[in-house]
Amino acid sequence: MKYKGELTTSVPLKKQIEKNKATGKLNGFSGSGRTVILGSIIPVTLLIIWEGLSRLEVLPAYQLPAPTVIFNTILTMAQDGTLWSHIGITTIRVFQGFILGTIVAIILGSLVGFYKKAEQLLDPMLQAFRSIPSLAWVPLFILWMGIGEPSKVTMIAVGVFFPVYLNIVSGISGVDRKLIEVGKMYSLNNFQLIKRIILPAALPSFIVGLRSGLGLGWMFVVAAELMGASQGLGYLLVLGQNTLSPETIIASIILFAVIGKLSDWILKLIQDRSLHWQDGLERS
Amino acid sequence: MSLELRDVSRTFDGKTAVNNINFSAKPGEIIGLLGTSGCGKSTLLRAISGLDRGYDGEIAINGTTTKAVHDKVGFIFQEPRLFPWLTVLENVTFGLKGDKQDMTERATKYLESVGLKGSEKLYPKQLSGGMAQRVAIARALVTSPEILLLDEPFSALDAFTKMQLQDLLLDVWKTHQSTIVLVTHDIDEATYLCDRIIILRGQPGEIDKEIEISEARNLERGSEKAAFYKKEILDSLDLNKQSSRI
Ligand SMILES: Nc1ncnc2c1ncn2[C@@H]1O[C@H](COP(=O)(O)OP(=O)(O)OP(=O)(O)O)[C@@H](O)[C@H]1O
Ligand SMILES: [Mg+2]
């Protein structure tokens, strides 16, 4: 404290810096709570205004129902159990597609990353496929596999595949050659080099790929369920449109946002756990 | 272990980096490689280590010529090259095999001797440049290599740590009698540590001169005799001077 005082008297500029630091530290104590509060001011205000306008019937209920109405819709669905089956089936679809897409991406990505030949054979073709907007596959998949589960899961898997694949390839080929040389000095064989050096070094990139793959998975499940489903959150969207009930649509949108965020948060947790050694990189 | 280079040359895409290098090291000898930047010192060291197999000529370790990495050869690189996902301790035990307890004990001992006791659990991102290089030194010494190749191992360290680690290297050398090839820019370091100093010159690099230091390791730092060798080396490195062989 005394030291600080001395500093402040001698250099006015430092004083300001110290002061900023001090307040910064103060913020640090209640920092996360405070940012949550700050961040919710505008949404909460908007919700209240929205609710008020709906009650005053300024906003027509058949277009934009009140937040409480939407909330009640979700609540009713939760009570009669339909909510859980819709969420469940959508999550399972995303999960299956995610696993399928990831497995294929790991296999092809490793081949392309490790073998020059495989890269020359496969990579140009995959890059070409990548430039097809993925939703353009929809009619073809329906034609091939019908409107049931396989076409939906395949659809999602295609979405998941590309970011995971690209990140695996760049992760593996980006491994520092100098680190591999260290392994060679210890006479590690190829298998050990892969296990002890290449895989851990490529892990950050792989996890980034998983996270953006999952994000795309959630996007693609909407498309897949819009094209024809009898259950799932995407089906709720269609149902809401057909029965002219915007509250169902908005409820479904909100649920998509919540579970999408939740699944990303789980991956982020895994990322933080396994990559705590990483330097500097700001992770979002 | 002895080491012998016979007519070793290395050409990168038609451009010769080192040309016709011949020298040998007796078991337990410490050889210094000195020379201006770009004259092929690192190239030569990589050829000896077996990391680079594209050279011409022969390199014999203990009398047998081989181009593969020999598992009794250790290498300390110009940069630390630590694995960022391993702790300091795990980095040091990386190349060890066998009982975990044993490995940890050995590693701890070497970490202590490079002055990093208590840093075992840190990750490389938490180390300063000098600390990282000391971990790298411990990692190479812990396997007790019989031939130790060092590429400017101490150049990133402050003068004081540098001297300490030079003495550590000598300690290790005394117990294991490793054959050492040391690339350095530091003439004092070369005269302090080496039995023989090989001076490379030119592009492509060729051996210009060999200086035997008969009083090796009895030379005190900064002594008159050391200054004499230093002058001799400086003279032969002088870029204005015509190479003595031309
Ligand atoms: N992988 C490579 N490909 C092409 N040229 C190379 C390669 N490695 C080294 N060289 C060339 O070989 C020459 C010698 O390089 P080297 O790294 O051995 O120099 P050095 O003596 O270690 O220099 P310094 O003291 O700066 O470390 C340089 O001209 C360099 O350009
Ligand atoms: Mg070099």
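The values are calculated or read from the model by the stated rules, or taken from the named source; none is laboratory data. For clarity, every value in this text was computed on a predicted model and none was experimentally measured. Note that each Cβ is placed from the backbone with ideal geometry, even for glycine, and that neighbours are counted across all protein chains shown. To get the accessible areas, we keep the full protein, side chains included, count just its heavy atoms, and leave off ligands, DNA and RNA. Shrake-Rupley method; radii C 1.70, N 1.55, O 1.52, S 1.80 Å.
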Candidates B:Leu200, B:Leu168, filtered to the one that is buried (at least 18 other Cβ atoms within 10 Å of the Cβ), of a type in the set (A, V, I, L, M), touching a residue at least 40 places away in the same chain (Cβ under 8 Å) and in a helix (DSSP H, G or I)
B:Leu168
The condition from (1) open to solvent by 30 Å² or more (accessible area, probe 1.4 Å); (2) touching a Lys or Arg at 6+ places or on another chain (Cβ under 8 Å); (3) within 14 Å of chain A (Cβ to nearest Cβ); (4) not in a helix (DSSP H, G or I) that B:Gly115 misses is numbered (3)
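Scan region A:163-206 for residues that are of a type in the set (Lys, Arg) and either on the phi > 0 side of the Ramachandran plot or open to solvent by less than 20 Å² (accessible area, probe 1.4 Å) (or both) and jot them down. Walk me through how you get there before you give the answer.
So in region A:163-206, the residues of a type in the set (Lys, Arg) come out as A:177-178, A:184, A:195-196.
Selection gives nothing.
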Please name all residue pairs, on different chains or six or more residues apart, with Cβ atoms under 7 Å, provided the first residue is in region A:188-208 and is more than 25 Å from A:Phe161 (Cα to Cα) and the second residue is part of a helix (DSSP H, G or I).
A:Leu188/A:Arg196; A:Leu193/A:Ile180; A:Leu193/A:Gly183; A:Arg196/A:Gly183
Suppose we filter region B:176-208 for residues that are in contact with a strand residue (DSSP E or B) (Cβ under 8 Å, 6 or more places away or on another chain), more than 16 Å from ligand 1 (Cβ to nearest atom) and not polar (S, T, N, Q); how many remain?
5
Starting from region B:38-56, keep only residues that are without any contact (Cβ under 8 Å) to a residue 12 or more places away in the chain, then list their pairs with residues that are more than 6 Å from ligand 1 (Cβ to nearest atom) whose Cβ atoms are within a distance under 7 Å, requiring at least 6 positions of separation or different chains.
B:Arg46/B:Asp52
Got a sec? Which helices (runs of 4 or more DSSP H) wholly within region A:96-195 have at least 3 residues that are away from chain B (no Cβ under 14 Å) and of a type outside the set (S, T, N, Q)?
A:116-130, A:138-145, A:149-173
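Take the residues of region B:15-38 that are β-branched (Val, Ile, Thr) and more than 13 Å from ligand 2 (Cβ to nearest atom): which is most open to solvent (accessible area, probe 1.4 Å)? Spell out the reasoning first.
Looking only at region B:15-38, we keep the residues that are β-branched (Val, Ile, Thr), and these are B:16, B:18, B:21, B:30-31, B:36.
Remaining after also requiring more than 13 Å from ligand 2 (Cβ to nearest atom): B:16, B:21, B:30-31.
Working: B:Thr16: 48, B:Ile21: 1, B:Ile30: 5, B:Ile31: 0 Å².
By that ranking, first place goes to B:Thr16.
Within region A:100-118, restricting attention to residues that are free of Cβ contacts under 8 Å to residues at least 24 places away in the same chain and of a type outside the set (Gly, Ala, Ser), which residue is surrounded by the most Cβ atoms within 10 Å (Cβ to Cβ)? Before you say what the answer is, go through the steps one by one.
Filtering region A:100-118 down to residues free of Cβ contacts under 8 Å to residues at least 24 places away in the same chain leaves A:103, A:107, A:111, A:115-118.
Narrowing further to those that are of a type outside the set (Gly, Ala, Ser): A:103, A:107, A:111, A:115-117.
Working: A:Ile103: 14, A:Ile107: 12, A:Leu111: 18, A:Tyr115: 12, A:Lys116: 8, A:Lys117: 10.
My answer is A:Leu111.
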In region B:138-161, residue farthest from ligand 2 (Cβ to nearest atom) [restricted to those that are open to solvent by 40 Å² or more (accessible area, probe 1.4 Å) and either in contact with a helix residue (DSSP H, G or I) (Cβ under 6 Å, 6 or more places away or on another chain) or away from chain A (no Cβ under 14 Å) (or both)]:
B:Phe160
Failed condition for A:Leu216, given (1) within 15 Å of A:Ser110 (Cα to Cα); (2) crowded, with 20+ Cβ neighbours inside 10 Å, with all others met?
(1)
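Restricting attention to region B:39-65, which residues are open to solvent by 50 Å² or more (accessible area, probe 1.4 Å) and either more than 16 Å from ligand 2 (Cβ to nearest atom) or more than 16 Å from B:Ser9 (Cβ to Cβ) (or both)?
Taking region B:39-65 as the starting set, the residues that turn out to be open to solvent by 50 Å² or more (accessible area, probe 1.4 Å) are B:46, B:53, B:56, B:58, B:62-65.
Answer for region B:39-65, where residues must be open to solvent by 50 Å² or more (accessible area, probe 1.4 Å) and either more than 16 Å from ligand 2 (Cβ to nearest atom) or more than 16 Å from B:Ser9 (Cβ to Cβ) (or both): B:Arg53, B:Asp56, B:Glu58, B:Asn62, B:Gly63, B:Thr64, B:Thr65.
Scan region B:51-98 residue by residue and report those that are within 16 Å of ligand 1 (Cβ to nearest atom) and within 8 Å of chain A (Cβ to nearest Cβ). Break it down stepwise before answering.
Of region B:51-98, the ones within 16 Å of ligand 1 (Cβ to nearest atom) are B:51-57, B:59, B:75-81.
B:Leu51, B:Phe75, B:Phe77, B:Glu79, B:Arg81, listed by residue number.
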